[in-house]
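Colleague: Once you've had a glance at the structure underneath, I'll fire off some questions.
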Amino acid sequence: MSIRRSCVFPGSFDPATLGHLDLIRRAGQLFDQVFVAVLTHSSKTQLLPMQERVQLIQAALAEQNLTAQVAGFSEKLLVDVCAELGAQVILRGLRPGADADLELPLAMMNRQLAGVETLMLPADPKFAHVSSSLVKQINAYGGEVKEFVPDVVRKALLSRR
Ligand code: ADP
(Lines give C-alpha, C1' and ligand atoms only; values in the text may rest on other atoms or scores of the structure.)
Protein backbone atom coordinates (compact mmCIF):
# COMPACT_ATOMS: atom_id res chain seq x y z
CA MET A 1 0.00 0.00 0.00
CA SER A 2 1.44 3.37 -0.93
CA ILE A 3 1.23 6.21 1.57
CA ARG A 4 -0.21 9.41 0.12
CA ARG A 5 0.86 12.66 1.76
CA SER A 6 -1.95 15.12 1.86
CA CYS A 7 -2.44 18.60 3.25
CA VAL A 8 -5.41 20.71 4.25
CA PHE A 9 -5.41 24.37 3.21
CA PRO A 10 -7.99 26.01 5.47
CA GLY A 11 -9.42 29.49 5.21
CA SER A 12 -12.44 31.70 4.83
CA PHE A 13 -11.81 32.27 1.11
CA ASP A 14 -14.35 35.11 1.16
CA PRO A 15 -13.59 35.33 -1.71
CA ALA A 16 -10.66 33.27 -3.07
CA THR A 17 -7.86 35.44 -4.46
CA LEU A 18 -4.96 34.80 -6.83
CA GLY A 19 -2.78 34.61 -3.69
CA HIS A 20 -4.82 31.62 -2.47
CA LEU A 21 -4.69 29.98 -5.91
CA ASP A 22 -0.90 30.42 -6.02
CA LEU A 23 -0.62 28.60 -2.70
CA ILE A 24 -2.83 25.73 -3.90
CA ARG A 25 -0.71 25.41 -7.06
CA ARG A 26 2.53 25.30 -5.03
CA ALA A 27 1.04 22.81 -2.55
CA GLY A 28 0.22 20.55 -5.49
CA GLN A 29 3.96 20.34 -6.20
CA LEU A 30 4.68 19.25 -2.62
CA PHE A 31 1.79 16.90 -1.76
CA ASP A 32 0.04 13.96 -3.43
CA GLN A 33 -3.32 15.44 -2.51
CA VAL A 34 -4.48 18.93 -1.53
CA PHE A 35 -7.74 19.55 0.32
CA VAL A 36 -9.10 23.08 0.48
CA ALA A 37 -11.27 23.45 3.60
CA VAL A 38 -13.66 26.39 3.43
CA LEU A 39 -14.48 27.31 7.01
CA THR A 40 -17.05 29.51 8.64
CA HIS A 41 -15.68 31.94 11.22
CA SER A 42 -18.22 33.13 13.78
CA SER A 43 -15.95 36.15 14.43
CA LYS A 44 -15.92 37.33 10.79
CA THR A 45 -18.78 38.82 8.80
CA GLN A 46 -18.93 36.97 5.53
CA LEU A 47 -19.91 38.38 2.13
CA LEU A 48 -20.46 35.08 0.34
CA PRO A 49 -22.29 32.01 1.69
CA MET A 50 -20.09 28.97 2.24
CA GLN A 51 -21.52 26.98 -0.70
CA GLU A 52 -20.75 29.82 -3.10
CA ARG A 53 -17.20 30.19 -1.73
CA VAL A 54 -16.71 26.44 -2.36
CA GLN A 55 -18.12 26.66 -5.90
CA LEU A 56 -15.99 29.68 -6.78
CA ILE A 57 -12.79 27.91 -5.71
CA GLN A 58 -13.78 24.85 -7.74
CA ALA A 59 -14.45 27.01 -10.79
CA ALA A 60 -11.20 28.96 -10.30
CA LEU A 61 -9.23 25.70 -10.03
CA ALA A 62 -10.77 24.49 -13.30
CA GLU A 63 -9.98 27.88 -14.91
CA GLN A 64 -6.31 27.47 -13.94
CA ASN A 65 -6.14 23.73 -14.63
CA LEU A 66 -5.31 22.90 -10.99
CA THR A 67 -6.42 19.88 -8.98
CA ALA A 68 -7.61 19.98 -5.35
CA GLN A 69 -10.61 18.71 -3.40
CA VAL A 70 -12.74 21.53 -2.02
CA ALA A 71 -15.28 21.17 0.81
CA GLY A 72 -17.01 23.39 3.35
CA PHE A 73 -16.90 22.82 7.12
CA SER A 74 -18.72 24.72 9.80
CA GLU A 75 -18.25 24.76 13.55
CA LYS A 76 -15.43 22.20 13.52
CA LEU A 77 -11.95 22.11 14.97
CA LEU A 78 -9.38 22.18 12.20
CA VAL A 79 -7.59 19.13 13.63
CA ASP A 80 -10.90 17.22 13.37
CA VAL A 81 -11.23 18.30 9.74
CA CYS A 82 -7.70 16.95 9.14
CA ALA A 83 -8.62 13.63 10.79
CA GLU A 84 -11.82 13.40 8.74
CA LEU A 85 -9.88 13.95 5.52
CA GLY A 86 -6.94 11.75 6.53
CA ALA A 87 -4.50 14.65 6.07
CA GLN A 88 -1.28 14.95 8.05
CA VAL A 89 -0.34 18.57 7.40
CA ILE A 90 -2.02 21.98 7.58
CA LEU A 91 -0.94 24.47 4.93
CA ARG A 92 -1.00 28.22 5.56
CA GLY A 93 0.28 31.23 3.66
CA LEU A 94 2.54 33.86 5.20
CA ARG A 95 2.33 37.46 4.05
CA PRO A 96 4.67 40.12 5.43
CA GLY A 97 3.27 41.65 8.60
CA ALA A 98 0.82 40.12 11.00
CA ASP A 99 0.37 36.63 9.49
CA ALA A 100 3.32 35.08 11.36
CA ASP A 101 2.23 36.36 14.78
CA LEU A 102 -1.28 35.04 14.21
CA GLU A 103 -0.22 31.72 12.71
CA LEU A 104 2.42 30.59 15.21
CA PRO A 105 0.13 30.05 18.23
CA LEU A 106 -2.42 28.30 15.99
CA ALA A 107 0.27 25.99 14.59
CA MET A 108 1.59 25.23 18.09
CA MET A 109 -1.93 24.56 19.37
CA ASN A 110 -2.86 22.23 16.50
CA ARG A 111 0.37 20.31 17.05
CA GLN A 112 -0.34 19.98 20.77
CA LEU A 113 -4.00 19.04 20.23
CA ALA A 114 -3.47 16.32 17.65
CA GLY A 115 0.17 16.16 16.52
CA VAL A 116 -0.76 17.84 13.24
CA GLU A 117 2.12 19.88 11.80
CA THR A 118 1.66 23.18 9.95
CA LEU A 119 3.59 24.14 6.85
CA MET A 120 3.72 27.87 6.16
CA LEU A 121 4.61 28.94 2.65
CA PRO A 122 5.74 32.52 2.03
CA ALA A 123 3.41 34.50 -0.18
CA ASP A 124 4.60 35.13 -3.70
CA PRO A 125 5.72 38.80 -3.83
CA LYS A 126 3.22 39.36 -6.68
CA PHE A 127 0.36 38.62 -4.28
CA ALA A 128 1.83 39.47 -0.88
CA HIS A 129 -0.39 42.56 -0.52
CA VAL A 130 -3.56 40.80 -1.70
CA SER A 131 -6.23 39.89 0.85
CA SER A 132 -9.91 38.97 0.59
CA SER A 133 -10.85 41.94 2.76
CA LEU A 134 -9.03 44.49 0.57
CA VAL A 135 -10.58 42.94 -2.53
CA LYS A 136 -14.06 43.27 -0.99
CA GLN A 137 -13.45 46.93 -0.14
CA ILE A 138 -12.11 47.78 -3.59
CA ASN A 139 -15.06 46.05 -5.23
CA ALA A 140 -17.64 47.67 -2.94
CA TYR A 141 -16.46 51.16 -3.93
CA GLY A 142 -16.40 50.41 -7.65
CA GLY A 143 -12.69 49.58 -8.08
CA GLU A 144 -11.26 47.01 -10.50
CA VAL A 145 -10.17 43.69 -8.91
CA LYS A 146 -9.16 41.68 -11.97
CA GLU A 147 -5.46 41.68 -11.05
CA PHE A 148 -6.20 40.14 -7.65
CA VAL A 149 -8.87 37.46 -8.17
CA PRO A 150 -9.74 34.70 -10.67
CA ASP A 151 -12.17 35.73 -13.40
CA VAL A 152 -15.08 33.73 -11.93
CA VAL A 153 -14.63 35.51 -8.60
CA ARG A 154 -14.53 38.92 -10.30
CA LYS A 155 -17.86 38.17 -11.98
CA ALA A 156 -19.43 37.04 -8.70
CA LEU A 157 -18.22 40.20 -6.96
CA LEU A 158 -19.49 42.47 -9.74
CA SER A 159 -22.95 40.91 -9.44
CA ARG A 160 -22.97 41.82 -5.73
CA ARG A 161 -22.09 45.47 -5.95
P1 ADP B 1 -8.38 33.00 7.36
O2 ADP B 1 -9.57 33.80 7.73
O3 ADP B 1 -8.36 31.62 7.95
O4 ADP B 1 -7.05 33.70 7.51
P5 ADP B 1 -8.13 33.51 4.53
O6 ADP B 1 -9.07 33.06 3.46
O7 ADP B 1 -8.00 34.98 4.76
O8 ADP B 1 -8.58 32.73 5.81
O9 ADP B 1 -6.68 32.95 4.23
C10 ADP B 1 -6.45 31.55 4.13
C11 ADP B 1 -4.95 31.31 4.10
O12 ADP B 1 -4.40 31.89 2.92
C13 ADP B 1 -4.19 31.93 5.26
O14 ADP B 1 -3.12 31.07 5.61
C15 ADP B 1 -3.64 33.22 4.69
O16 ADP B 1 -2.45 33.63 5.34
C17 ADP B 1 -3.35 32.76 3.26
N18 ADP B 1 -3.36 33.86 2.31
C19 ADP B 1 -4.31 34.79 2.16
N20 ADP B 1 -3.99 35.65 1.17
C21 ADP B 1 -2.78 35.25 0.70
C22 ADP B 1 -1.88 35.74 -0.32
N23 ADP B 1 -2.15 36.83 -1.00
N24 ADP B 1 -0.74 35.04 -0.54
C25 ADP B 1 -0.45 33.93 0.19
N26 ADP B 1 -1.24 33.43 1.16
C27 ADP B 1 -2.38 34.08 1.42
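The values are calculated or read from the model by the stated rules, or taken from the named source; none is laboratory data. Just so we're clear, the structure is a prediction, and the values are computed from it rather than from any experiment. Every residue, glycine as well, gets a Cβ built from its backbone with ideal geometry; the counts of neighbours run over all protein chains shown. Protein only, heavy atoms only, side chains kept; ligands, DNA and RNA dropped before computing areas. Shrake-Rupley method; radii C 1.70, N 1.55, O 1.52, S 1.80 Å.
Colleague: Take the residues in the stretch 12-25 that are of a type outside the set (A, V, I, L, M) and open to solvent by less than 10 Å² (accessible area, probe 1.4 Å); name whichever of them is farthest from the ligand (Cβ to nearest atom).
Modeller: Here the residue is Pro15.
Colleague: What's the number of the condition Gly115 fails, among (1) within 10 Å of the ligand (Cβ to nearest atom); (2) under 21 Å from Ser6 (Cβ atoms)?
Modeller: Against the list (1) within 10 Å of the ligand (Cβ to nearest atom); (2) under 21 Å from Ser6 (Cβ atoms), Gly115 comes up short only on (1).
Colleague: Right, something else. Sort out which residues of the stretch 26-50 are touching a strand residue (DSSP E or B) at 6+ places or on another chain (Cβ under 8 Å), within 11 Å of the ligand (Cβ to nearest atom) and assigned to a loop (DSSP other than H, G, I, E, B), and write them in order of number.
Modeller: Thr40
Colleague: Look through Phe127, Phe148 and report the one residue that is in contact with a Gly (Cβ under 6 Å, 6 or more places away or on another chain) and within 15 Å of Asp22 (Cβ to Cβ).
Modeller: So the residue among Phe127, Phe148 that is in contact with a Gly (Cβ under 6 Å, 6 or more places away or on another chain) and within 15 Å of Asp22 (Cβ to Cβ) is Phe127.
Colleague: Under the condition of being part of a strand (DSSP E or B) and under 13 Å from Pro10 (Cα atoms), which residue from the stretch 95-120 is least open to solvent (accessible area, probe 1.4 Å)?
Modeller: Here the residue is Thr118.
Colleague: Listed residues Leu56, Leu61, Leu23; which is assigned to a helix (DSSP H, G or I), within 22 Å of Leu102 (Cα to Cα) and in contact with a Leu (Cβ under 9 Å, 6 or more places away or on another chain)?
Modeller: Exactly one residue qualifies, and that residue is Leu23.
Colleague: Can I ask one more? Against the definition (more than 15 Å from the ligand (Cβ to nearest atom), farther than 16 Å from Pro10 by Cβ and in contact with a Pro (Cβ under 6 Å, 6 or more places away or on another chain)), how does Glu63 come out, yes or no?
Modeller: Judged against the criteria, Glu63 is a match.
Colleague: Looking at Leu66, Leu85, Leu78, which is the one that is surrounded by fewer than 22 Cβ atoms within 10 Å (Cβ to Cβ) and in contact with a Gly (Cβ under 9 Å, 6 or more places away or on another chain)?
Modeller: Leu66
Colleague: What pairs come up if the first residue lies in the stretch 87-109 and is within 16 Å of Ala37 (Cα to Cα), the second is within 12 Å of the ligand (Cβ to nearest atom) and assigned to a loop (DSSP other than H, G, I, E, B), and their beta carbons are under 7 Å apart, counting only those six or more places apart or on different chains?
Modeller: Between residues of the stretch 87-109 that are within 16 Å of Ala37 (Cα to Cα) and residues that are within 12 Å of the ligand (Cβ to nearest atom) and assigned to a loop (DSSP other than H, G, I, E, B), the close pairs are Gly93/Ala123.
Colleague: Which one of the conditions (1) at pLDDT 95 or above; (2) more than 9 Å from the ligand (Cβ to nearest atom); (3) not in a strand (DSSP E or B) does Ile3 fail to meet, given that it meets all the rest?
Modeller: Unmet condition: (1).
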